[in-house]
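The values are calculated or read from the model by the stated rules, or taken from the named source; none is laboratory data. The structure presented is a predicted model; accordingly, all values stated were derived computationally and were not measured. When we count neighbours, we look across all protein chains shown, and the Cβ atoms used for this are built from the backbone with ideal geometry, even at glycine.
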Amino acid sequence: MERPVSRPEVQESAAAPLGVRLRGPTRATATPTAQPPFRRLLTLRLVTLLFGALLFGTLLSAAGCHSAPPMRAVDIDRSSPEKDVLLFEVEIDAPWAPRHYRDWAQEQLDLLGNEPRNDRYPGIPVYEVTYRYRIGRQTLAEVSFRREGEGQGLLVHARTVVRPVPGWLLDRESRRDD
Amino acid sequence: MTDPRPFGPLRAGLLGASLLAVLLVLPGCGLLYSHNLEYEDFSLHGNHDVHQLRRTGDTIQQVFDAYRRLFPHLEEKVNECRICYEEDPLSRERIFTGDLRQEGYYLPVLDLIQLSPRRPQGETDDLSVIFHEMAHHFLISAHPETASVYWLNEGLACCLEVSFFEGTGELRSPLFHPTLFLQAQRLLRRQGSTRFREELEELLDANWFRFHRTDGRNDSYAYSWSLYWHLLRSSEGTLEERIHAILEMKPERIREEIPGLLRELARPAEVHLHSIAGDRGLRTWALEQFSELPAVRGEWFIDELEEELSIERSPKTALNPRSWSVATRLMNGRVRGLDRSTRNGWHGRLAGALSREDLPFEIRCAVAEALARDGSRSWAYIEPLIELLEHDLPELRIAAARALARFSRQKPTVTNPIFWRESPAAVRSVEVREWREWYARLRR
């Protein structure tokens, strides 16, 4: 849809997007027939290369390719602050990607089996299992699993809350990207 | 000799596919999305749950309508737009990061808005990105020449992104962005006034690359918002008239306002929130912002809080659970400068609300939930919370159990809501008795 524009320079500025830079049509000063063949070929190769790179970048991006620091737990401490809650404090040596907190906790929970127990209160079914990740005294993330179906079903991932860590470079999942 | 077939089949295929991808992506074409909804002022495209998409669309239409009322003269020139909605992939997996800024961008040349709002803590999208991008669309539709004036566009959008809808559906725009204010203050402290001013002046003429440079992008938002906010405060009239006044300002005139901005930034955020809290329609919002500050002096909000919960003076907010929730958070937060009797008086009042059968149960739940979330600095709440464990309403029992679990590490309890909702009273009474015994020992 065209908007009313009175001056050519205004139109040019209106075309400048806020979030993404777009380039306008290339200014052509000669017809293709006026171009030497090698030059036309060069232009075509450049265009092909450009779009190829763009497509490659899109595919890489869609595949979610990124690097992430290795997941390594230094120490794990188990406690039970409530009768039906298990808390695991996990000491790590570097922040992880947000999904990795959940995935690692899920693996640990699977190792516990479907019916983890609080040994001090064996008659009370565990309602919540939380993994709290920290470096020293600083909490980086908490992953909670709760029984679904208002507390009667299986333990499922309820939420993962990742806190920003000043001074650490996280992978792209956790960076602002607008 | 040159190749007689510069377009081999492979190269031609690659070029064609690339062109097609670009052409499909750039206009936000509906072909790319599973769900395409048509609204009065925009089309909405998305891939995920269509019911969620429809709810988002209704909200966007509400924002559109509200902006039309807010900008009755701009409104005539606003184009229809296409909006592509991507649910934040992390939020979809119930992973919430601490990032404050939401995702989205606007392409004026295509009247295209891309939204990918995050859900900072909860289940619903934060509306700020919608308010933000829609502000770009309204301003640039009416004034295309502002599309490349990045500080001005982002300044206005950041002012409007803190807007919210009241219960009645009316749009309220405080314009004051606490996060960006604190960030601008930090920049001023770190850089000093001379460098701050130079940075700001440089930003007034910044191109896209300078404004969005990786190392200072968030700072650019803070600079832009603070200047625009100050200019709005310095102008008179309706919001639309003030926006026009800023559009008409010469660059020299804008630069002359920077010393005034520096004076505003030198004052604490509490001063500005206190001023906003004087507006009855913005008071609850302002009190909530007080509760989010790292530390706050009580004298800046205590009178407004009193007014907020006064049934005689403010019957509407005095019966609003949100007001009671923020009162609980404030009085149990990092408040300085309140004398002991005032503080204890408030704890007594809030704890008393837990026992008041004449109050709606939503208010009592709101107080208990606020205690469960943020903890407490007073023992005054324990006894009424234990009483609530035996209440007839399961919602109150669940909220009280959650709050009590927050109080003591020495007294483990059962947090499972199904226990407090459905267990027979005789089973629950064992747990209640334990709490009473624990509290009796504590008092001795």
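Please work out if residue B:159 is within 22 Å of residue B:254 (Cβ to Cβ) and not polar (S, T, N, Q).
yes
Restricting attention to the range B:410-428, and to residues there that are within 33 Å of the chain's Cα centre (by Cα) and surrounded by fewer than 19 Cβ atoms within 10 Å (Cβ to Cβ), which single residue is nearest to the other protein chains (Cβ to nearest Cβ)?
B:418
Please specify each residue of the range B:240-264 satisfying the condition of being in contact with a helix residue (DSSP H, G or I) (Cβ under 7 Å, 6 or more places away or on another chain) and either of a type in the set (D, E, K, R) or in the same structural domain as residue B:332 (by TED's automatic domain parsing) (or both).
B:240, B:242, B:255, B:257, B:264, listed by residue number.
Taking residue B:231 and the conditions (1) out of contact with any Leu (no Cβ under 8 Å at 6 or more places or on another chain); (2) closer than 29 Å to residue B:76 by Cβ; (3) at pLDDT below 95, which numbered condition does it fall short on, given that it satisfies the others?
Unmet for residue B:231, out of (1) out of contact with any Leu (no Cβ under 8 Å at 6 or more places or on another chain); (2) closer than 29 Å to residue B:76 by Cβ; (3) at pLDDT below 95: (3).
Could you go through the range B:58-68 and let me know if any residue there is modelled with pLDDT of 90 or more, closer than 30 Å to residue A:144 by Cβ and not aliphatic (A, V, I, L, M).
There is at least one residue in the range B:58-68 that is modelled with pLDDT of 90 or more, closer than 30 Å to residue A:144 by Cβ and not aliphatic (A, V, I, L, M).
May I ask you to list the residues in the range B:40-60 that are within 18 Å of residue B:131 (Cα to Cα) and loosely packed, with under 15 Cβ neighbours inside 10 Å?
B:40, B:55, B:58
State whether one or more residues within the range B:230-242 are touching a Cys at 6+ places or on another chain (Cβ under 7 Å) and more than 13 Å from every other protein chain (Cβ to nearest Cβ).
Taking every residue of the range B:230-242 in turn, at least one turns out to be touching a Cys at 6+ places or on another chain (Cβ under 7 Å) and more than 13 Å from every other protein chain (Cβ to nearest Cβ).
Name the residues in the range A:71-99 that are of a type in the set (A, V, I, L, M, F, W, C) and within 14 Å of chain B (Cβ to nearest Cβ), would you? Give the derivation first.
Step one: list which residues in the range A:71-99 are of a type in the set (A, V, I, L, M, F, W, C), which gives A:71, A:73-74, A:76, A:85-88, A:90, A:92, A:94, A:96-97.
Across the range A:71-99, the qualifying residues are A:85, A:86, A:87, A:96, A:97.
Determine whether the range B:370-388 contains at least one residue that is under 23 Å from the mean Cα position of the chain (by Cα), closer than 24 Å to residue B:283 by Cβ and crowded, with 19+ Cβ neighbours inside 10 Å.
yes
Name the pairs whose Cβ atoms lie under 6 Å apart, with the first residue in the range B:299-328 and more than 21 Å from residue B:270 (Cβ to Cβ) and free of Cβ contacts under 8 Å to residues at least 40 places away in the same chain, the second surrounded by fewer than 17 Cβ atoms within 10 Å (Cβ to Cβ) and among the β-branched types (Val, Ile, Thr), and 6 or more positions between them or separate chains?
From residues that are more than 21 Å from residue B:270 (Cβ to Cβ) and free of Cβ contacts under 8 Å to residues at least 40 places away in the same chain, the pairs are B:318/B:311.
Show me the strands (runs of 3 or more DSSP E) entirely contained within the range B:48-121 in which 1 or more residues are touching a Phe, Trp or Tyr at 6+ places or on another chain (Cβ under 9 Å). If you could, list the steps in order and put the result at the bottom.
Details: elements: B:81-85, B:95-97, B:103-107, B:112-116.
In the range B:48-121, the matching strands (runs of 3 or more DSSP E) lie at B:81-85, B:95-97, B:112-116.
Give me the residue from the range B:48-105 that is facing chain A (nearest Cβ under 10 Å) and free of Cβ contacts under 8 Å to residues at least 12 places away in the same chain and, out of that set, farthest from residue A:101 (Cα to Cα).
Taking the candidates together, the pick is B:89.
Quick one: in the range B:389-444, which of the residues that are in contact with a strand residue (DSSP E or B) (Cβ under 6 Å, 6 or more places away or on another chain) and touching a residue at least 12 places away in the same chain (Cβ under 8 Å) is farthest from residue A:158 (Cα to Cα)?
Selected residue: B:413.
Are any residues in the range B:347-356 within 27 Å of the chain's Cα centre (by Cα) and assigned to a loop (DSSP other than H, G, I, E, B), and if so, which ones?
If the condition is that a residue be within 27 Å of the chain's Cα centre (by Cα) and assigned to a loop (DSSP other than H, G, I, E, B), then no residue fits.
I'm trying to understand the selection: among the residues of the range B:46-92, which are touching a Lys or Arg at 6+ places or on another chain (Cβ under 8 Å) and either within 15 Å of residue B:117 (Cβ to Cβ) or among the polar types (S, T, N, Q) (or both)?
Passing the criteria: B:48, B:79, B:88, B:90, B:91.
So is residue B:157 under 19 Å from residue B:221 (Cα atoms), facing another protein chain (nearest Cβ under 9 Å) and among the aliphatic types (A, V, I, L, M) or not?
yes
So residue B:206 ticks every box in (1) in contact (Cβ under 8 Å) with a residue 40 or more places away in the chain; (2) outside any helix (DSSP H, G or I); (3) closer than 21 Å to residue B:77 by Cβ but one. Which box is left unticked?
(3)
Name the single residue, out of those in the range A:111-150 being without any contact (Cβ under 8 Å) to a residue 40 or more places away in the chain, polar (S, T, N, Q) and part of a strand (DSSP E or B), that is nearest to the other protein chains (Cβ to nearest Cβ).
Out of the qualifying residues, it is A:144.
Would you tally the residues in the range B:279-290 being at pLDDT below 95 and either of a type outside the set (D, E, K, R) or crowded, with 19+ Cβ neighbours inside 10 Å (or both)?
The total comes to 1.
Hey, any hits in the range B:275-285 for a residue that's over 30 Å from residue B:341 (Cα atoms) and basic (Lys, Arg)?
no
Looking only at the range B:369-400, how many residues end up being outside any helix (DSSP H, G or I) and either of a type in the set (Lys, Arg) or within 20 Å of residue B:329 (Cα to Cα) (or both)?
4
Which is among the acidic types (Asp, Glu), within 9 Å of chain A (Cβ to nearest Cβ) and over 19 Å from the mean Cα position of the chain (by Cα), of B:40, B:145?
Only one candidate passes the filter, namely B:145.
Residues are listed down the side, and each one gets a yes or a no for (1) farther than 24 Å from residue A:148 by Cα; (2) in a helix (DSSP H, G or I); (3) in the same structural domain as residue B:321 (by TED's automatic domain parsing):
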residue	(1), (2), (3)
B:345	yes, yes, yes
B:358	yes, no, yes
B:412	no, no, yes
B:434	yes, yes, yes
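Which count do you get for residues in the range B:147-157 that are surrounded by 22 or more Cβ atoms within 10 Å (Cβ to Cβ) and either touching a Gly at 6+ places or on another chain (Cβ under 7 Å) or within 14 Å of residue B:248 (Cβ to Cβ) (or both)?
Within the range B:147-157, residues that are surrounded by 22 or more Cβ atoms within 10 Å (Cβ to Cβ) and either touching a Gly at 6+ places or on another chain (Cβ under 7 Å) or within 14 Å of residue B:248 (Cβ to Cβ) (or both) number 1.
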